[in-house]
Each structure stands twice: as C-alpha cells, then as structure tokens.
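Here's the structure we're looking at; comments come further down.
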Amino acid sequence: MPTPQTQVSVTVRTFAQRFSSTRRGARLARRLAAHQLDAWGVPHGTTASDTLVLIVAELAANAVRHGCVPGRDFALRLVHRPAAAVVRVEVSDTHPALPVRLAPAPADADGGRGLLMVDALASRWGVSERIGPGKTVWAELDLAAGTRAGHPA
C-alpha cells in the first residue's frame, strides 16, 4: 500500500521568460506579467497589479531602449513570495552600462521618467550583476502595503 503524499505549501512562485528587444517584446512582457500576477492572486485592476505592471513596463522599455545589444534578448523574471507578501520584478539585458536615474525631465520631454517612476512606485529597487554580460534591474513591491513604504494608497 503506497504511503499518502502530503502537499508541501508553495513558499516562492516564479515566472521567467525571454523577449525580443523590441517594442513588441516589451508589450508582451507587460501583458504576460499581468496575466501571471492574476494567476497568482494579484487580480487585474487592483492597485498592486497596476503598480507591478507599470514597473514591468518601465523596466522592459528601458531594456529595449537603452540595454539593447543587437541580436540579444532581454529577460523578465517575476518572483512572488506569498508568505512575505512581496513580488520582485527583475529585467535583465546584455548591455554593460548601468542605468542612470536622471533629474526630472521637462514636461514636454519624450522620456527620462522611467526610473523616477520605478523609484516612486516600488518599495525598493536596484541593479545587480548577472551571470554573463549585462545587468539586472530589479524592483520589489510589498503587497501588504500596496504602495511604496511611506506613501499611502
């Protein structure tokens, strides 16, 4: 008689995918992130989901615009730690240059606000090395708070 199997609770959930370094790849990364978050119980249309999707969109757009190396993709990795109520977004590209957070751009500028938005929305963010060329830009959101520490919902 086989012994009954006990179910182990999931402590960490991950999603990882590579995308082409194109605007289409960035859009697909954002859409798949929204779908995955919903599957993990962070429903579409909630503050947490909208915030995380915006963070993914900004980091993916930066990877496409500033981190693109011809012939190389960028990678998205989402890590959900339900017990800690934290979702981590990681976007890796193969360009060696580190991202630069600029001073606020003029109102009529086309860009220059991406990392400022990430800084305003994420509980914490940073840049880390990765295996191989390039870097990983990451951001975490505390789901319990729903917004950055010290910034009320």
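Checked against the criteria, E90 does not count as charged (D, E, K, R), open to solvent by less than 20 Å² (accessible area, probe 1.4 Å) and at pLDDT 95 or above. Would you please list the contacts, defined by Cβ atoms under 6 Å and residues six or more apart or on different chains, that run from a residue in the stretch 1-26 that is over 21 Å from A61 (Cα atoms) and surrounded by 10 or more Cβ atoms within 10 Å (Cβ to Cβ) to a residue that is at pLDDT 90 or above and charged (D, E, K, R)? So the pair list comes out as V12/R81. Go through the residues of the stretch 63-76 one by one and say whether even a single one is surrounded by 15 or more Cβ atoms within 10 Å (Cβ to Cβ), in a helix (DSSP H, G or I) and at pLDDT below 95. Yes; the residues of the stretch 63-76 include at least one that is surrounded by 15 or more Cβ atoms within 10 Å (Cβ to Cβ), in a helix (DSSP H, G or I) and at pLDDT below 95. Residues that are β-branched (V, I, T) and open to solvent by 20 Å² or more (accessible area, probe 1.4 Å) were ranked within the stretch 27-62; the one that is farthest from H95 (Cα to Cα) is T46. For the stretch 99-153, the set of residues classified as part of a loop (DSSP other than H, G, I, E, B), modelled with pLDDT of 65 or more, small (G, A, S) and under 25 Å from T47 (Cα atoms) consists of A122, S123, A144, A145, listed by residue number.
Of everything listed in (1) surrounded by fewer than 16 Cβ atoms within 10 Å (Cβ to Cβ); (2) at pLDDT 95 or above, the single unmet condition for A83 is (2).
The values are calculated or read from the model by the stated rules, or taken from the named source; none is laboratory data. As the structure is a computational prediction, the values presented were derived from the model and not from experiment. Virtual Cβ from ideal backbone geometry, glycine too; neighbours counted across all protein chains shown. Each accessible area value is taken on the protein alone, full model and side chains, heavy atoms only, with ligands, DNA and RNA left out. Shrake-Rupley method; radii C 1.70, N 1.55, O 1.52, S 1.80 Å.
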